[in-house]
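**Q** Questions regarding the structure given below will be posed in turn.
The values are calculated or read from the model by the stated rules, or taken from the named source; none is laboratory data. From a predicted model like this one, the values you see are computed outputs, not experimental measurements. When we count neighbours, we look across all protein chains shown, and the Cβ atoms used for this are built from the backbone with ideal geometry, even at glycine.
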Amino acid sequence: MKFGVRDRLDADDEVIATYNVYASPLQQQQQQLHIFQFPLRRKTQPYETDEVRLFVTEGVAHVGKEATPPSASSASILSPSSRLTMHCRLDTFGSSSFVEPSNQQQRQMPMQQTDDRFCRGEQQRRNSYHYALQSHPFQPRCDYAVGFVVDGAIHLTPVSTIQQFTPIVKPTTIGAAHRVGDEFTSVQSTPIVPGLAISDRINREMLRQRSVMLNTDAATAKELQYFPIGSVESMAMRRRLCSATYDASSLARTVGSQRSNTQTEDSLFPPELLISGGISGGEDAAVAGSLLRRYAHRYSVLDQVLVLLQRCQVMTLTELRELVVSPDLTLVPPPAPTAPSTSRQQPQGGVTDKQLLEALREAAVWMHGVWVSKTASRFKGSVAALREVILLQFFASEDASLTRSEVNKLVNDTALRGTVKEILESVATLNSNEPDPTKRVWRLRHVPADAALRKVMLQDAENAHRQEVTFQRMQWEHFRPHITAHINTINAGMPVSRLLLTTRRHGMGTDTTKLTGAAVVAAGASPASFKEDDLVPIVAHIRRLFLEYGVLNKQRAKELVMKGKQQHYPEATNPMLSAALQRCVQTFTNATWVLKQLGEPKVDRYRPLILETALELVNFETRAFHALLEEKRRQRSADEEEGSEGNGVNHEEMQRIVSRVLAEVAVFKQHERLWHIKSGNVMME
């Protein structure tokens with residue numbers, strides 16, 4: 001991806017990623033994108049508000065059929081000169097921005113507040129705070145755009161205006177416009193009078209013009225709809241910032257117009273590397289999945305080939321010769337002692353074909369002159385078995401091509417037919433330029449459509465490595481009856497007991513050996529047969545669920561864990577799921593679970609006491625909760641005779657810890673001003 005007018009690239013700079021860039025359809029729908037900036041607030045301490053009313057003054061053009069007052073079918077378009085005003089109301093009860101006065105300050109209050117009616121009015125006023133923010137239009141010197149990285153593509157939306165909000169003197173009520181009193185607008189234009197200082201006259205004239213401007217804005221103010229960030233309307237509008245670019249024709253046309261090395265770079269560097277600045281594979285990278293090319297020498301040849309094939313799925317031996325580098329033997333352990341001559345014969349300038357073929361035999365299968373990865377990390381269970389069937393169909397094809405209709409005939413499940421397209425897109429390309437739909441086929445990537453070129457490609461492979469090609473063809477013939485049997489199992493809705501195209505992941509960190517077939521049955525019989533690494537994906541999924549919902553009903557949690565089995569850990573057994581649950585969760589109420597630890601040391605230190613206090617009160621006010629919590633803290637400090645340890649955090653930190661835990665296990669109902677313990681009966685789509 002290239003922007004600007006930069007003519008040359010530094011030789012030391014590494015290409016992190018190349019992306020397709022799309023324009024969002026927001027402008028076509030006569031809608032605008034505006035950026036709201038709050039320069040006087042930190043990002044960690046934004047403005048707090050419970051209710052917002054947004055007004056716009058001047059510079060408003062209504063898009064409709066006529067110049068009549070705007071209707072529901074028209075849209076308000078802001079101009080760069082538009083001025084926005086936000087009237088905000090905040091309920092200070094329980095707000096972190098407002099702290100209750102100390103006992104000493106309460107004793108210093110005047111005695112006149114003993115009147116009940118005055119006290120009620122004062123309490124209501126203190127629990128409701130109004131303030132106003134007004135924008136100062138920012139005049140940019142260039143054009144700005146907001147971009148989203150979604151599914152390997154960047155979606156850009158031009159910014160119409162940038163509004164910088166700063167506080168202003170709040171009006172008397174939330175619905176009142178910001179207006180200057182008559183005594184301040186009665187200043188008339190002062191003529192030049194001998195003896196009157198010019199500065200005084202200019203000052204009075206500027207005050208008069210400012211008053212007129214404010215009152216004019218107040219008279220023309222129009223209210224706009226404002227939706228909070230977490231609302232359904234806001235999320236629906238956010239989805240409009242991404243264009244629908246995933247129809248088959250446009251995708252194939254884009255892929256067909258790219259060079260082969262560009263396709264390789266697109267697959268080699270995933271979007272998360274661009275988002276993180278390309279530092280995921282830094283000096284101390286331990287996971288081969290985040291490998292960068294400049295650090296490839298820190299990994300073995302097998303690890304490099306595994307990573308490249310997982311990202312590209314289909315590669316040629318020529319591409320691998322260019323991408324795979326010789327590992328540094330001081331950083332990478334030597335190969336297994338079964339082949340001692342391999343490391344001695346390794347040249348200084350590159351990797352031999354023998355080393356590449358040994359790695360490819362482990363990680364890929366050969367067909368029609370290209371190497372296809374045995375597995376794809378995003379396909380699990382029945383989908384992975386269907387992928388093996390499709391690869392067998394490609395191998396059996398004379399010209400390395402398949403039609404969508406003949407693949408759809410293999411399965412009778414509508415959901416699986418939807419995944420057929422995803423599998424085909426990962427390993428093949430569609431000739432969408434063909435005007436006749438009946439002649440459109442999916443051809444294996446890097447395999448030419450010309451029969452003469454395909455023949456030359458196969459002849460070169462057989463002449464260079466005839467023994468390896470013969471072995472690969474014999475292997476496919478051996479796998480054919482077993483892979484064909486997958487079709488009946490998939491159509492019957494049963495899980496496939498054993499996948500044929502598997503990889504022994506040597507030294508790949510969290511990617512452990514998969515349990516399939518009889519090994520699954522054996523693992524289910526004895527809970528101690530699985531390894532600690534086998535529980536890693538299960539524990540990660542359970543923690544994601546509880547970090548999202550906080551409290552889960554025990555039965556509902558089991559259902560969600562079983563539901564995630566097909567997608568995240570298809571080889572997991574029931575004893576493995578039970579062990580992962582016992583490791584992650586603890587009983588909260590008789591029917592619910594919570595996480596044992598959140599992974600935040602300060603929060604985990606006080607979290608058991610906060611949970612105990614919440615369980616004791618069940619439904620409670622914030623003030624009553626803090627009073628009981630403080631009493632329990634004093635009692636524990638007295639019992640342990642470690643008062644200094646109990647005061648390890650200051651008041652503000654303790655408030656944040658309490659808010660963090662309460663948001664996890666309870667819900668605050670505004671109309672009751674009470675916290676209610678969560679029931680844990682969550683609903684998922």
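Residue by residue, here is whether (1) in the same structural domain as E477 (by TED's automatic domain parsing); (2) at pLDDT 90 or above; (3) over 30 Å from K455 (Cβ atoms) holds:
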residue: L331; (1), (2), (3): yes, no, yes
residue: S341; (1), (2), (3): no, no, yes
residue: R387; (1), (2), (3): yes, yes, no
residue: V411; (1), (2), (3): yes, no, yes
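**Q** Read through the list (1) without any contact (Cβ under 8 Å) to a residue 24 or more places away in the chain; (2) part of a helix (DSSP H, G or I), then give the number of the only condition that L560 fails.
**A** That leaves (1) as the condition not met.
**Q** Could you please find all residues in the stretch 351-388 being surrounded by fewer than 20 Cβ atoms within 10 Å (Cβ to Cβ) and acidic (D, E)?
**A** Answer for the stretch 351-388, where residues must be surrounded by fewer than 20 Cβ atoms within 10 Å (Cβ to Cβ) and acidic (D, E): D353, E358, E362.
**Q** Another question, if that's okay. Which of the residues spanning the stretch 445-464 are under 42 Å from the mean Cα position of the chain (by Cα) and of a type in the set (A, V, I, L, M, F, W, C)?
**A** Across the stretch 445-464, the qualifying residues are V447, A449, M457.
**Q** Among the numbered criteria (1) surrounded by 13 or more Cβ atoms within 10 Å (Cβ to Cβ); (2) over 30 Å from G381 (Cβ atoms); (3) outside the structural domain of V658 (by TED's automatic domain parsing), which single criterion is violated by E621?
**A** The single condition E621 does not satisfy is (3).
**Q** On to the next question. Note down all Cβ pairs under 8 Å where the first residue falls in the stretch 435-464 and is under 19 Å from E406 (Cβ atoms), the second is at pLDDT 90 or above and aromatic (F, W, Y), and they're at least six residues apart or on different chains.
**A** Pairs found: L444/F394.
**Q** If you take the residues in the stretch 557-575 that are buried (at least 17 other Cβ atoms within 10 Å of the Cβ) and within 25 Å of the chain's Cα centre (by Cα), which one is farthest from E600 (Cα to Cα)?
**A** Initially, the stretch 557-575 is screened for residues buried (at least 17 other Cβ atoms within 10 Å of the Cβ), giving 557, 560-561, 564-565, 569-573.
Filter once more, so that each one left must be within 25 Å of the chain's Cα centre (by Cα): 557, 560-561, 564-565, 569-570.
Details: A557: 23, L560: 25, V561: 24, G564: 26, K565: 28, Y569: 27, P570: 30 Å.
By that ranking, first place goes to P570.
**Q** Oh, and also: For the stretch 589-615, name all the residues that are farther than 22 Å from L545 by Cβ and surrounded by 12 or more Cβ atoms within 10 Å (Cβ to Cβ). Even if it seems obvious, please write down each step before you answer.
**A** The initial filter retains those residues of the stretch 589-615 that are farther than 22 Å from L545 by Cβ, namely 601-602, 605-606, 609, 612-613.
Selection gives K602, R605, Y606, L609, E612, T613.
**Q** T470: among the polar types (S, T, N, Q), without any contact (Cβ under 8 Å) to a residue 40 or more places away in the chain and either under 28 Å from E319 (Cα atoms) or in contact with a His (Cβ under 7 Å, 6 or more places away or on another chain) (or both), yes or no?
**A** Values: among the polar types (S, T, N, Q): yes; without any contact (Cβ under 8 Å) to a residue 40 or more places away in the chain: yes; either under 28 Å from E319 (Cα atoms) or in contact with a His (Cβ under 7 Å, 6 or more places away or on another chain) (or both): yes.
The answer is yes for T470.
**Q** Let me ask something else. Which helices (runs of 4 or more DSSP H) does the stretch 593-681 wholly contain that include 2 or more residues that are closer than 22 Å to D50 by Cα, polar (S, T, N, Q) and modelled with pLDDT under 85? Quick ask: steps written out before the conclusion?
**A** Values: elements: 601-617, 622-640, 643-646, 651-665.
In the stretch 593-681, there are no helices (runs of 4 or more DSSP H) which contain 2 or more residues that are closer than 22 Å to D50 by Cα, polar (S, T, N, Q) and modelled with pLDDT under 85.
**Q** Could I ask something else about it? Can you tell me which residues in the stretch 553-577 are among the polar types (S, T, N, Q) and either out of contact with any helix residue (DSSP H, G or I) (no Cβ under 9 Å at 6 or more places or on another chain) or modelled with pLDDT of 85 or more (or both)? Working first, answer last.
**A** To start, the set of residues in the stretch 553-577 that are among the polar types (S, T, N, Q) comprises 553, 555, 566-567, 573-574.
Matches in the stretch 553-577: N553, Q555.
**Q** Can you tell me which residue is nearest to the chain's Cα centre (by Cα) among those in the stretch 366-383 that are part of a strand (DSSP E or B) and under 14 Å from D399 (Cα atoms)? Before the answer, list the steps.
**A** Narrowing the stretch 366-383 to residues part of a strand (DSSP E or B): 366-367, 370-373.
Filter again for under 14 Å from D399 (Cα atoms), leaving 367, 370.
Numbers: M367: 36, V370: 34 Å.
Filtering first and then ranking leaves V370.
**Q** Could I ask something else about it? Give me the residue from the stretch 530-547 that is of a type outside the set (D, E, K, R) and touching a residue at least 40 places away in the same chain (Cβ under 8 Å) and, out of that set, surrounded by the most Cβ atoms within 10 Å (Cβ to Cβ).
**A** Our first condition is that a residue be of a type outside the set (D, E, K, R); within the stretch 530-547, this holds for 530, 535-542, 545-547.
In the following step, the residues that additionally are touching a residue at least 40 places away in the same chain (Cβ under 8 Å) were identified as 530, 535, 538-539, 542, 546-547.
On the way: F530: 19, L535: 19, I538: 22, V539: 16, I542: 24, F546: 21, L547: 12.
Out of the qualifying residues, it is I542.
**Q** If you take the residues in the stretch 389-439 that are of a type in the set (D, E), under 35 Å from the mean Cα position of the chain (by Cα) and not in a loop (DSSP other than H, G, I, E, B), which one is surrounded by the most Cβ atoms within 10 Å (Cβ to Cβ)?
**A** Filtering first and then ranking leaves E425.
**Q** Checking P481 against (1) within 40 Å of the chain's Cα centre (by Cα); (2) outside any loop (DSSP other than H, G, I, E, B), only one condition comes out false. Which one?
**A** With (1) within 40 Å of the chain's Cα centre (by Cα); (2) outside any loop (DSSP other than H, G, I, E, B) applied to P481, the lone miss is (1).
**Q** Hey, among the residues in the stretch 520-552 that are more than 26 Å from the chain's Cα centre (by Cα) and not in a helix (DSSP H, G or I), which one's modelled with the highest pLDDT? Write out each step before concluding.
**A** Filtering the stretch 520-552 for residues more than 26 Å from the chain's Cα centre (by Cα) gives 520-532.
Okay, now just the ones that are also not in a helix (DSSP H, G or I), so 526, 530-531.
On the way: S526: 42, F530: 70, K531: 75.
Of everything passing the filter in the stretch 520-552, K531 is modelled with the highest pLDDT.
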